[in-house]
Number of protein chains: 2
Amino acid sequence: MKVIGIEHIGIAVTDLNSSAKFWKEVIGLKHLSLEDVDGQGVTTDIYQADSGKIELLLSKCPDSPIEKFIKKRGPGIHHICLQVENIDDAIRFMFENKIKLIGKEPTIGAEGYKVIFIHPNSTGGVLVELAEKPI
Amino acid sequence: MKVIGIEHIGIAVTDLNSSAKFWKEVIGLKHLSLEDVDGQGVTTDIYQADSGKIELLLSKCPDSPIEKFIKKRGPGIHHICLQVENIDDAIRFMFENKIKLIGKEPTIGAEGYKVIFIHPNSTGGVLVELAEKPI
């Protein structure tokens, strides 16, 4: 498995306008995309830093993972996404190393990336997303 | 104020060996440094990705910010660090834009960076560190 680097940091938000204003106007990041990811029940609003991105996640459904996270912990950092060269290799590697994944197959995330999440029980409490960039 | 990019993601840990094993042996990141930062009451253990770093934070004192975070939320992602070109310019900019900082002056963090934290109240619940690389 080859990890290319930190692709983005996912942040659960309750007020997209206010959070977007901070990352865009105060920090000065460039806006990249605004997109619904129906499989996760969220709207994603993505900003580009010179290295890595900030992904704001606004829940669209009462039972989405982001809604549950916010109910439990409030808005804040939700996950770290690592870009991998090949998601199938990464899934096989995690399976061989007894690392617990959420689901067995990759799904399509924001920007068309193939993604899967590692369970926080296998990482010391951190939700880690693995993502392969679309060709 | 010029933001250069995402310098690192800080992760509060309770079992440094186990967390280090995940980032080093499973994800395959290169170990960069192990260092006590007495001003924050923590041991930092830093790993380098191709872009950005992972900073594991182990509390050394019962009243450290990391100890308090873990008592409240358990181990997990603690903060995002953005590298800025000049920390004094960044502090001035935040002050002018009514962004609440924790403290008024930069302190010396891991790897000799000059750092200051933005209060989560000004960011939508995210603890953001600003850091200037030492010359």
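The values are calculated or read from the model by the stated rules, or taken from the named source; none is laboratory data. Every value quoted in this text rests on a predicted model; they were computed, and no experiment measured them. We place every Cβ from the backbone using ideal geometry, glycine too, and count neighbours over all the protein chains shown. Quick note on the areas: whole protein, heavy atoms, side chains included, nothing else; ligands and nucleic acids left out. Shrake-Rupley method; radii C 1.70, N 1.55, O 1.52, S 1.80 Å.
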Discussion item. Given the condition free of Cβ contacts under 8 Å to residues at least 12 places away in the same chain and either of a type in the set (A, V, I, L, M) or in contact with a strand residue (DSSP E or B) (Cβ under 7 Å, 6 or more places away or on another chain) (or both), answer yes or no: does some residue in segment B:80-89 qualify?
Written reply: no
Fill in: Residue within segment A:10-18 that is more than 11 Å from chain B (Cβ to nearest Cβ), open to solvent by 60 Å² or more (accessible area, probe 1.4 Å) and in a helix (DSSP H, G or I) present
no
Discussion item. Considering only residues that are more than 17 Å from A:Val126 (Cα to Cα) and surrounded by 12 or more Cβ atoms within 10 Å (Cβ to Cβ), which ones fall in segment A:90-111?
Written reply: A:Ala90, A:Ile91, A:Arg92, A:Phe93, A:Phe95, A:Asn97, A:Pro106, A:Thr107, A:Ile108, A:Gly109, A:Ala110, A:Glu111
Item to complete: Kindly indicate the residue of segment B:121-135 that is more than 21 Å from B:Thr43 (Cα to Cα) and in contact with a Gly (Cβ under 7 Å, 6 or more places away or on another chain) and also least open to solvent (accessible area, probe 1.4 Å) among those meeting that condition.
Response: B:Val126
Practice prompt. Taking the options B:Asp38, B:Asp15, B:Asp50, name whichever one is farther than 28 Å from A:Ile27 by Cα and at pLDDT below 95.
Written response: B:Asp38
Practice prompt. Might you let me know whether segment B:27-36 holds any residue that is within 17 Å of B:His79 (Cα to Cα) and either touching a residue at least 12 places away in the same chain (Cβ under 8 Å) or of a type in the set (Val, Ile, Thr) (or both)?
Written response: no
Practice prompt. Would you be able to tell me the number of residues in segment A:39-53 that are at the interface with chain B (Cβ under 8 Å from one of its Cβ atoms) and open to solvent by less than 20 Å² (accessible area, probe 1.4 Å)?
Written response: 2
Worksheet item: Do we have any residue at all in segment B:55-71 that's in contact (Cβ under 8 Å) with a residue 60 or more places away in the chain and away from chain A (no Cβ under 13 Å)?
Response: no
Worksheet item: Which of (1) under 14 Å from the mean Cα position of the chain (by Cα); (2) at the interface with chain B (Cβ under 9 Å from one of its Cβ atoms); (3) open to solvent by less than 10 Å² (accessible area, probe 1.4 Å) does A:Trp23 not meet, given it meets every other one?
Response: (1)
Practice prompt. For segment B:56-111, name all the residues that are within 23 Å of A:His78 (Cβ to Cβ), under 12 Å from the mean Cα position of the chain (by Cα) and part of a helix (DSSP H, G or I).
Written response: B:Pro65, B:Ile66
